Amino acid sequence: MVIIVVLLFSACSSDQLEIGKAKKCAEGFLNTLKVNNFDEAEKYYSTDEFYSEATQTRSEKIEELATSIGKVISYSLTDSAFVELKGEPSAISLTYKVENEKINSTQIFIIQKEGSEYKIISQDVKAGE
């Protein structure tokens, strides 16, 4: 009986999201923006993300944002939280204060596990904060 409980507990805990891995995803993305590698930055996004449009690729949108607020200089994590929405997979919200070349920003990333990897499903950029 104890073995069954341990196996069930192990199975449940393996599906839990890890903030450290979500941070690695968001910070990997921000680090690619430090060197203006927009094609590489796109790889941190979910393939299911609706962000991309037919007229403009996601990497073009990332480059456009970088052009308007400037290249990432530095960043620091200011908040993290687990996000549970009814009917949706679990996610992690990470908020970063980002120093950019032209104007600083607050960037909020929503990250979910996609297969074995953590991917950005949403990014909200508030310039001037």
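The values are calculated or read from the model by the stated rules, or taken from the named source; none is laboratory data. Values in this document were obtained by computation on a predicted structure and should not be read as measured data. FYI the Cβ positions are ideal-geometry reconstructions off the backbone, even for glycines, and counts take in every protein chain you see. To get the accessible areas, we keep the full protein, side chains included, count just its heavy atoms, and leave off ligands, DNA and RNA. Shrake-Rupley method; radii C 1.70, N 1.55, O 1.52, S 1.80 Å.
The table for this structure:
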| read-out | value |
| --- | --- |
| Accessible surface ranking that places the most exposed of GLU64, GLU40 first, with a 1.4 angstrom probe | GLU64, GLU40 |
| Accessible area in the full protein assembly, largest first, 1.4 Å probe, for SER105, SER68 | SER68, SER105 |
| Dipole magnitude (debye, nearest 20) for the stretch 28-129, charges at Cβ of Lys, Arg, Asp, Glu | 240 |
| Probe 1.4 Å, all protein chains present, accessible-area order of ILE103, ILE121, largest first | ILE103, ILE121 |
| Whether the stretch 28-129 is rounded, prolate or oblate, judged on the alpha carbon gyration tensor where a/c under 1.5 counts as rounded | oblate |
| Interchain or long-range residues, amide H under 5 Å from GLY70's placed H | LYS102 |
